[in-house]
1. So, in segment 95-107, how many residues would count as being part of a loop (DSSP other than H, G, I, E, B), under 17 Å from residue 61 (Cα atoms) and not basic (Lys, Arg)?
2. Take residue 121 and decide whether it is assigned to a loop (DSSP other than H, G, I, E, B) and surrounded by 11 or more Cβ atoms within 10 Å (Cβ to Cβ).
3. Only residues that are at pLDDT 85 or above and surrounded by 11 or more Cβ atoms within 10 Å (Cβ to Cβ): list them for segment 75-94, please.
4. Looking only at segment 97-113, count how many residues are surrounded by 15 or more Cβ atoms within 10 Å (Cβ to Cβ) and touching a helix residue (DSSP H, G or I) at 6+ places or on another chain (Cβ under 8 Å).
5. Just to be sure I understand, how many residues within segment 1-49 are assigned to a loop (DSSP other than H, G, I, E, B), on the phi < 0 side of the Ramachandran plot, modelled with pLDDT of 55 or more and surrounded by 10 or more Cβ atoms within 10 Å (Cβ to Cβ)?
6. When residue 108 is evaluated against the numbered criteria (1) within 23 Å of residue 124 (Cα to Cα); (2) modelled with pLDDT under 90, which criterion, by number, is the only one it fails?
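The values are calculated or read from the model by the stated rules, or taken from the named source; none is laboratory data. Owing to the predicted nature of the structure, the values given are computational and were not obtained by experimental measurement. Here Cβ is always computed from backbone atoms with ideal geometry, including for glycine, and neighbour counts include all displayed protein chains.
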Amino acid sequence: MLNLTKKDHVLCFGLNFNLNIQRRDKVKRVILILVLLFVASYVFAKVGGEDVVFKVGFGDVTFSHEKHVEMGFLCKVCHPDPYITKEKHKKVTMAEMNKGKSCGKCHNGKEAFTTKGNCKTCHVKK
């Protein structure tokens, strides 16, 4: 058994108390760093990915993820239906889009501008 005097007892608990303060300060620093990293990743993150360019004869169509995300659309609005990925997406005709396929799912004149007669809104010749 350990025989501690009152003086030893105070020193022992004082040392323990100081160690707890040091640990607490380290934990606070780690939490602060994690919060800052999280905030920085949110601020600098590009939500939705890059622009997607569809090569078509009439003029290329560039789909901007950023513009759609800024308007408040969540990923699930387009993924997995009507789009999985650019590589897996099957080409559709304008007639099919006008019937609600692909971009026409939203670009129907009710939710967004219609695909009918608005060719130059999306198709750009270079």
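1. Looking only at segment 95-107, we keep the residues that are part of a loop (DSSP other than H, G, I, E, B), and these are 99-101, 106-107.
In the following step, the residues that additionally are under 17 Å from residue 61 (Cα atoms) were identified as 101, 106-107.
Then keep just the ones that are not basic (Lys, Arg); that gives 106-107.
Count: 2.
2. Details: assigned to a loop (DSSP other than H, G, I, E, B): no; surrounded by 11 or more Cβ atoms within 10 Å (Cβ to Cβ): yes.
So residue 121 fails the test.
3. First pass over segment 75-94, keeping only residues at pLDDT 85 or above: 76-79, 91-94.
The answer is 77, 78, 79, 92, 94.
4. 7
5. Residues flagged as assigned to a loop (DSSP other than H, G, I, E, B), on the phi < 0 side of the Ramachandran plot, modelled with pLDDT of 55 or more and surrounded by 10 or more Cβ atoms within 10 Å (Cβ to Cβ) within segment 1-49 amount to 1.
6. Among (1) within 23 Å of residue 124 (Cα to Cα); (2) modelled with pLDDT under 90, the lone unmet condition for residue 108 is (2).
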